[in-house]
Structures are given as structure tokens and as C-alpha cells.
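S.K.: Provided herewith is a single structure, encoded as C-alpha cells, for subsequent inquiry.
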Amino acid sequence: MTNAYIEDFSPGHGTLAPRAWHPASNAKALSLNGSWRLRVSPTADAEDESFAEPGFEAGHWAEVTVPGHWVLQGDGAFGRPAYTNVRYPFPVDPPRVPTENPTGDHLRTFDLPEEWPADGGAVLRFDGVESCARVWLNGTGLGEFQGSRLPHEFAVGHLLKRTGNVLAVRVHQWSAGSYLEDQDQWWLPGIFREVTLLHRPPGSAGDFFVHASYDHRSGEGTLRVDSEVDGRVRVPALGIDVATGEAVTAPVRPWSAELPVLYEGELATAGERVPLRIGFRTVELTDGLIKVNGTALLLKGVNRHEWHPETGRTLDLETMRQDVLLMKRHNVNAVRTSHYPPHPAFLDLCDEYGLWVIDECDLETHGFGEQGWRDNPVDDDRWTPALLDRAARMVERDKNHPSVIIWSLGNEAGTGRGLTAMAEWIRGRDSARLLHYEGDPNCRDTDVYSQMYASHAQVEQIGRRLDGGPRRRRELPFILCEYAHAMGNGPGGLADYQRLFESYERLQGGFVWEWIDHGIRHPELGYAYGGDFGEELHDGNFVCDGLLFPDRQPSPGLIEYKKVIEPVRIEGDGADRTVRVTNRHDFADLSALAFEWSYQVDGETIETGPLSVPVLLPGESAELKLPAPERVHGPGETQWTVRAVLTADTAWAPAGHEVAWGQLPVAALPLPLVRPTAGPVAADGVIALGPAAFDARTGALRSIGAVAVSGLRLDLWRAPTDNDEGLDWHTGIRHAGPWRDAGLHRLRHRLDSVELGEDTLTVRTRVAPAAAEFGLATEYRWTCEGERLRLAVSVRPDGEWPVPLPRLGVRLGLASADAVRWFGAGPGEAYPDSSTAARLGRHESTVDALQTPYLRPQENGARAGVRWAELGGLRIEGDPEFSLTARRWTTEQLDAATHLTDLTAGDTVWVNLDHALHGIGTASCGPGPLPQYQLLAEAAEFSFVFTELHNS
Ligand code: GAL
């Protein structure tokens, strides 16, 4: 069978041994990116191999861009993307794959540039092809390979012609290798990374291994470059000029993610000069901790899949740089390259800008978990050569990056001897890095104990070393390689995790799941997710669980994460004018930061000034006195805000960029008072109370002055978030399902009485769902003082409430509203367990801009801690403070929508004034909201004061 290679356990034939990747050398390189001819067939054998012959006429074939995925080009003409999380989208019968195996025949011709040297050899390099390729040059078969996100090279010098070279690549969507690539992401076939022809001059460099360690006791670095081809190693800034294989020690500045010092150097062989960027650092496991240069790390990480909403896993350099800059600007210090080695240029950026990297091998066999891990490839010797090939291709390619401190064997592949073989091979080749793999709770092959989505309580137990387990594991540091599932609104509970990480030495941090939503730009849906391409098996919007929206706009989750992991802690006692600044960096002192204070009265800054903070070393703190405010103020809420900003431009952000901040309250807000000046009067079916008019029969508010108000009543419902929908597997609790079962989305409001008192209009109701005996006795009491109308709401549970409440407050409709101003927390949304990043102040926005565009519509956009807000002609003061939501559709419409394009503005702006909200948690994958963030049905009383705005 000529196609036997597709279902072959082995990784391929004809490729060169893997070697170190480097961006450039003085040798010539010809990019073969660009427009290629493409023919897609439904099966692997639908077409013969004649297309690879020179002279084949492919003029009528379609054109596609390489690198790229063919299913993301051609508007569906070449097939569609498909998304599954765990399940294989084909029958599990390894190594067999379906007959329906979309196969893309790719063709391009090329001439050698004039200056292409006549001597030496040439190598054809593929940086990434999914999932299996067979390659021909000028009609000669070069070989086949599997291993989608790994490089493969062929020696082709003997086949090249000056002009008219024909490169033919047959790519199969499915192969034996697909069983090893069951990551939670879109299945996207194609030549998705670069294709390059590299000239190899006589005497060119082969593989080389830069060993650059740092001794933090002596301050010296030791460099040794082992090279397949002998040569010299030069590092001018250090005066180094030594032979390859020779070690040299010199005083150096070490590399760290915080201070990424790279020394430019070169490896010169007889025929080639390869640029080197050397970072000196030593990674160790000592005292049960991951240490670099003698210091234990706290990883504040993210899991990064490669993603672009239009080009999928094909990323250009600028997009990669954007990712790195966004990470650095949001205080992220680490990346796990989930779940495969990234484009090699990304690692160059990590070296340059400074990020700790866990480089993960392209290996996941999660779908075998569905069958109790029977036939798992990692426990079947026939697959071991393929596993070793993958390990070697990763390590050899990426071994010269100082940013890579940990190798990861893969993700969710169960356990087995294949993993042990990989670990042994990696340790033999590179003893200077640590090994990670989450899937084996015994940590047989690893240096780090790692889990995903553990609850706060479990993490604390591990931190306290009370978790028991095998002895080897007990001695290891702990990381959460995935936590805080950033799907939809959330994650909630980040700050609670961070407190644990900072409290227990053994806990060395974690990696939020995940960096970016994998939405695909779609003409009708905005962004598509699983199922939107008609897949018969899919996992819906579970593929959209990132801290960035697909267009790389930060979500509120990223803003929250930035605050939670800020490397400087600013706390103190505002009344006492004392601020405590703590340097929470692992390596950097505070010399790059300037501090400034400001003083706010009722959210408005009235004084600012610089704060002089000593250059604290990592871990140090200082207590400083803030100046006495110069101006004396009357009653009002007062506070200090202290910010730490970059003093000068850095590689990743301009001077003035805010790194950390803190607010210190001084005096609390005086609560709004209403002393009744008038009472309710009924006439002509209307009750008048000061500025307000009510329906005399129902007691429903109709207007406040000239502002029409509709539908004001108690509201408990929110459009469930992805986290509300999830199952907290630690507690077995779900929220959205039980809420619906309890009928909270279809409450009835029974009117019991409308009572006109001397100065109060009282409307009594009972709020309860059909079919339930539980309810809330709800009373609305209206009073007024001049133009000010006060509503006091009291609720008293009646019967046993089986569920917590999504929200507790009132909603009302306004005929028009656009601009929104408020004094409260902001500028972004905040929920009880995701509120760290919202700061108290005066904020302005619009109804449209208050919406957070979660790809699957759900509860969003609440502004917390609102003292007062102005919108739609009304000023609303809270007693106590409240959460504000305003949108041009109802909660029911939001709940019913599946994509943002389903939401269309109606005539009414629906405003929710919430006394309290249920927390968010991360039960879409992980724990739900902690008990202290749950909103239980309990007696409550809250009020609002409404005033018509006359000159807004
Ligand atoms: C993990 C897995 C990730 C992703 C995540 C949920 O189990 O490693 O790839 O599926 O869950 O989004």
C-alpha cells in the first residue's frame, strides 16, 4: 500500500535528525511561503501521485496561502474546521484512521535566486504541517512525516535546479499521529508554519547546544557551546573567544524573566556564522523548590495556544509579539506552551522580553480516557519511537532558549512507559532543566507536582504538605499547570488562589487556562465556535475560554489577573496616612518604578504628588507616610490612591505604564438621607408622590418627573454564565440547571396590597416561581423629600429556598439612556469574586460600552460598589452601594442568545440595580464560587434614591 505511512506508528522516513533552530545565519535562505496551488480530495487515495511530477498542469487548481490551514481558506470550498475537546472526531481504532481523510495536494514551483551559491548543500524545512505529509522535489520522493507542531527537514541539495523546481506536498488531515494530537482545540489541517529552503555552505554549522549557567554565589557565568561541527564561539561584550566544546567562566549579568539580559554572540564554523543570544541562568530543584539562579520562583502564568481568529494556528511575528507584550503589560511572567511547542520565533520573544517558559511536547491522547485508557499509545511500545521522536524534535529545536526552564512531556495522555522513555531521553540529553507532566499523580518521571483545576482547599492542603501521596511527590514543589478557567464571565476566585500561592513556599504559582478565545471570524455569527460549522460531534463554546477575546482585546479576566499578580503590593491605613509598599518581584528591585499618590474626595482627585519609595530588594517592604492633604474638605468619602508606574520606556511598555496600585480608604460615604416632605395622593387612577407617578391599582412606578419608567420590580435572574452552567466537580454543585429547575427565570409577582400611608406608599408582593412553595415576601416602600424619591425594598424568604440567588435587586426600564456616569468601582465590570481590579472613582461610559462581548452571550457588565449613577435622565443613589447593569435587551433575550449577533437593541434600556450578586467561580472547569461569594436567599433590605436630572 503506497499510503501505508499514514497509519504507520513510526514518525516518518527520510527526514534529517532534529537540530537547534536559529533565526538566521549568513547562509542563504529562500522562503517558500506565499501562494501555492491546492487540490483537496476527500480520501487519501482519491488521486494518484502524478501531480508531483515536473510538468504536471495545476493551473486550474485553487490558490491558497502557505502557511495556512486549507479549511480556513476558500470559504468552505476546501472543507470546514471542526472542534472537539476530549473525543476523537473519528472511531478509536489506532493506528487506523477513517477512509474519509481530507487530503490536500500542495504544489509550487520556484527558482533559485541568482546569488544562490553553487557549492554546498541545501535543506528543505517545514516548521509545522498538520497532521502528516509526504514530500517530493522535482518528482523525487523525499519522505513522509508526522508530528504536526514540530519541524522536519530534508536534505535536497542534490535535487535542486536553478529554475523550475517543483515542490509537491501531500498533506493528510488524519494519520496515526492524530491519535497523539488530541488537544482541546480546532482540528485544522494544512501547512500552517513556514516552508524554507536553507543553503548549507561547505563547513556549515550542524546542531549546537549552548550551555550557559550562572553561579549566583560568585556572580559568574559559564559558557560552553557544544557543536556538531567544530568552530569558535565569540561573545564580544564578555571578551569571549573560545573553541566550541571549551568552557569559559566570566562575571556576567544573569538572565531572568524579570531582567532578561542576553549577550549577543556567534558560533563561527568554517563555512557559517550563526548568531547566538545567550542568557546565563541555572535552573535547579533544591530544597523541594524550583529555583533559578538560587531564587525560588513564583509563576504567574498563562497557558497559550497559538491562535488567530482568521488564520488559526498560523501566526505572524507581530501577532506573537503582541501576545508577549500583552503578557508583560499584564504582569504575566510565565507561559506554558499548551499543548505543543510554539512557533520557534515565539521563544525568541520570550528570551528577549523575559518570560519563564514550560515548553510542552506535542502529545495528548485524552480521548483514550473515554475508554479507561485502554490501548493508550503512551503505554504501547509500538508508539514509543514516535514519542521519542516528538521529544527529540522539541528538545533539539528549543534547547538554546534561556526562557525555557521546564520541559513538559505533553498533556492529558494518561500514564505509561512511553512517557518514561521520553523522560529518560530528555534527562540524558539535557540535565539542566526540569521535567513536568501533570497526568501522572505519582510524579514518576517529573520534578514538579502539578495539577489542574484543584480547589482552593486542595491547594491549601498541598501548600501545608498535608496531602500525603507517594514519597517522591511529597518532596516536590507544586504548580497548577491549569487553573482559573477563563471561559466567559470570570474567572472568579483568582485573588483567593494568589493568597495561597503567596502564603505557602511549596506553591510556586500557576497558569491560568487559557490565553485567548479560539473564536473563528464568521460573516454571520461574528465569531464561530464548536458546532457552527455543522460538526456532528463538537464541544460548543468550550473552545472560547481565554483571557483575550479572539481579536486580542483583553477581557475583564485579564485585567483582574493583572491586578491579582501585580509585583508590588500597596496596602496601608488611609486614616493614619501610612502606606506599606512590598516588592514582590523575585529578582528585580524597584528602581524601574516611580510611585505617586493622589487624594480623592467623593471619587474626584483633588491632590497628587510623588511618593518617594526606597529601592526595595525582592521581598522587602517599607512603611511610608503620606502627606497631610493640604485642603480641608467637608463631609465626603475620602481615600488615597497610590500607583507604581514605569519611570522610563522599557522594551515592553512606555514610561508611565501602570504596574501596580492600591487604594486606602479614609472616611466612608455619608449615606443618602430622605426626610419625607410629602405623602402619596391618589386621583384618576394615579398615585402621586412628590415627583413620581404610580399606577393606583398595581402600585407600579410610571414616571419620575419627565422620565418614564417601566417594569420596576424585584429581579433575581441573570443570564447564566459559562461558569454558572458548569459542574463544580469538587462539590457536585451546579448553578444554572438548578436555577432553571427552581424556576428563577420565570418568577411570578403576586400583588398583595397597595397602601397609602401618611408619607409612604407601600406595595406588598410575593415573588415566587410557578410550581414552587418557596418565595420571597417583597415590600416596596416609597417616600420622598422634595424632588428626591426613595425606594426601600425588603425581602423575606418564605419556605425553603433550594438554591442560592443569581442576583438580588430591582430592574427597571428606561425609555432612553446612553451616557452613564457613576461614582463607584470601575472602569470595568466586577463580580463578588472578580472585583480586585475595579477601583473606586468617578467613571463615565455608555450603555453600549458597558457590555462585555463574551462570545456566547451571558451575564456581564455589572459595575460594582456604585454610590451613585446617572443615566437616562435619572440620578440613582444607593443605600447601601449597589451594582449597576444597563443593556438594550432584557436578561431573557441575553439568556436566549447563542452569539453576539443575536442581540439587537430594543426601545428600552433595562437597568439592574443589584443589592448583591452571586459569585462567578470557575465551574466551567473547576471549582464554583467559594462559600463567601454565594448569594443565599436571606432577609435583606436595600434602598435607592432617584432624582430627575434637569440639565443632563
Ligand atoms: C484541561 C486541558 C485543556 C483544556 C482545559 C479545559 O483538562 O488540559 O486542554 O481542555 O482542560 O478548557
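Bear in mind these aren't lab numbers, they're just calculated from the coordinates by the rules spelled out. This structure is a prediction, so every number in the text was calculated from the model and none was measured. Don't worry about glycine lacking a Cβ; one is built from the backbone with ideal geometry, like all the others, and counts go over all protein chains shown.
S.K.: Rank the residues 213, 10 as a footprinting-exposure proxy: fewest other Cβ atoms within 10 Å of their Cβ go first. Let's see the in-between values first.
M.R.: Numbers: 213 19, 10 16.
Ascending Cβ contact count within 10 Å gives the list 10, 213.
S.K.: What full-extension length gain, to one decimal in nm, is calculated for residue 750 and residue 673 as 0.36 nm per residue of separation minus the Cα-Cα distance? Write down the numbers at each step before the final one.
M.R.: Details: separation 77, 0.36 × 77 = 27.72 nm, distance 3.02 nm.
Length gained between residue 750 and residue 673: 24.7 nm.
S.K.: Same structure again: Taking the Cα centroid of the stretch 180-239 and of the stretch 138-176, what is the distance between the two, rounded to the nearest whole Å?
M.R.: 23 Å
S.K.: Please compute the Cα-Cα pair-distance distribution of the chain with 20 Å bins starting at 0, giving whole percents from short to long.
M.R.: 13, 40, 32, 13, 2, 0
S.K.: Would you work out if the stretch 1-124 is rounded, prolate or oblate? Take a ≥ b ≥ c from the square roots of the eigenvalues of the alpha-carbon gyration tensor; rounded if a/c is under 1.5, else prolate when a/b is larger than b/c, oblate otherwise.
M.R.: Prolate shape, in that a/c is at least 1.5 and a/b is the bigger ratio.
S.K.: Return the long-range amide H neighbours of residue 299 (sequence gap of 5 or more, or a different chain), with a cut-off of under 5 Å between placed amide H atoms.
M.R.: Answer set, sorted by chain and number: 509, 510.
S.K.: Also: If I histogram all Cα-Cα distances within the stretch 100-167 using bins 5 Å wide from 0, what percent of pairs lands in each bin?
M.R.: 4, 14, 25, 25, 16, 10, 4, 1, 1
S.K.: Based on alpha-carbon centroids, what's the gap between the stretch 571-629 and the stretch 745-795 in Å, whole number please?
M.R.: With the stretch 571-629 and the stretch 745-795 each reduced to a Cα centre, they are spaced 47 Å.
S.K.: Which peptide among 665-675, 187-197 comes first, and what is the full order, when sorted by highest mean count of other Cβ atoms within 10 Å?
M.R.: On the way: 665-675: 14.7, 187-197: 24.5.
In descending order of packing, they fall as 187-197, 665-675.
S.K.: Now, a different point. What's the long-distance tail for the stretch 259-321, i.e. % of Cα pairs beyond 15 Å?
M.R.: Here the long-distance tail beyond 15 Å is 73 percent of all Cα pairs in the stretch 259-321.
S.K.: Please label the shape of the stretch 464-572 as rounded, prolate or oblate, based on the square roots a ≥ b ≥ c of the eigenvalues of the alpha-carbon gyration tensor (a/c under 1.5 means rounded; beyond that, a/b larger than b/c means prolate, else oblate).
M.R.: Values: a/c = 3.88, a/b = 1.68, b/c = 2.31.
Oblate, because a/c is 1.5 or more while a/b does not exceed b/c.
S.K.: Continuing with this model, one more query. Over the residues of the stretch 299-563, compute the C-alpha Rg and express it relative to 2.2 N^0.38 Å.
M.R.: That works out to 0.99 for the stretch 299-563.
S.K.: Rounded to whole Hz and in sequence order, give me ³J(HN,Hα) for the stretch 871-886 from the Karplus expression 6.51 cos²θ - 1.76 cosθ + 1.60, θ = phi - 60°, writing x for Gly and Pro.
M.R.: Result, rounded to whole Hz: 6, x, x, 10, 10, 10, 9, x, 9, x, 4, 9, 9, 10, 9, 9.
S.K.: Specify whether the C-alpha gyration tensor of the stretch 831-952 places it in the rounded, prolate or oblate class, a ≥ b ≥ c being the square roots of the eigenvalues: rounded for a/c under 1.5, otherwise prolate if a/b is larger than b/c and oblate if not.
M.R.: Cα axes put the stretch 831-952 in the oblate bin.
S.K.: Taking H placed 1.01 Å from N in the peptide plane, check which residues at least 5 places from residue 555 or on another chain put their amide H under 5 Å from its amide H.
M.R.: Amide H neighbours of residue 555: 548, 549.
S.K.: Taking the Cα centre of each part, how many Å lie between the stretch 296-364 and the stretch 401-444?
M.R.: Spelled out, the Cα-based centre of one part sits 19 Å from the other.
S.K.: Right, next: Each residue of the stretch 671-687 in order: what ³J(HN,Hα) in whole Hz does its phi give by Karplus 6.51 cos²θ - 1.76 cosθ + 1.60, θ = phi - 60°, with x for Gly and Pro?
M.R.: 6, x, 10, 10, 9, x, 10, 8, x, x, 10, 9, 7, 6, x, 10, 9
S.K.: If you take the Cα Rg of the stretch 208-284 and divide it by 2.2 N^0.38 Å, with N the number of residues, what do you get?
M.R.: Details: Rg = 12.0 Å, N = 77, 2.2 N^0.38 = 11.5 Å.
The reported ratio for this selection is 1.05.
S.K.: Here's another thing I want to ask about it. What does the helix-only formula give at 222 nm for the chain: each DSSP H stretch with n ≥ 4 adding -39500 (n - 2.57), the total divided by the residues, and the result rounded to the nearest 500 deg cm²/dmol? Could the numbers behind the result be given before it?
M.R.: Numbers: 11 runs with 99 residues, N = 952.
So the calculated ellipticity at 222 nm is -3000 deg cm²/dmol.
S.K.: Based on the mean of other beta carbon atoms within 10 Å per residue, what is the order of 260-273, 891-904, most packed first?
M.R.: Numbers: 260-273: 18.6, 891-904: 15.9.
So the peptides 260-273, 891-904, ranked by packing, come out 260-273, 891-904.
S.K.: Next up: Please report, in whole Å³, the volume per residue of the convex hull around the C-alpha atoms of the stretch 880-952.
M.R.: 154 Å³
S.K.: For the stretch 631-764, what is the per residue volume of the convex hull drawn over the alpha-carbon atoms, in cubic angstrom?
M.R.: 282 Å³
S.K.: Quick one: divide the alpha-carbon radius of gyration of the stretch 681-948 by 2.2 N^0.38 Å and tell me what you get.
M.R.: Computed over Cα atoms of the stretch 681-948, the ratio equals 0.98.
S.K.: So, one more: Using θ = phi - 60° and the Karplus curve 6.51 cos²θ - 1.76 cosθ + 1.60, what whole-Hz ³J(HN,Hα) does each residue of the stretch 71-83 get, with Gly and Pro shown as x?
M.R.: Whole-Hz 3J(HN,Hα) from phi for the stretch 71-83: 6, 9, 10, x, 6, x, 4, 10, x, 10, x, 9, 10.
S.K.: Follow-up. log10 I(q)/I(0), Debye, Cα-only the stretch 566-667, no solvent, q = 0.12 Å⁻¹?
M.R.: Relative scattering, expressed as log10 I(q)/I(0), comes to -0.39.
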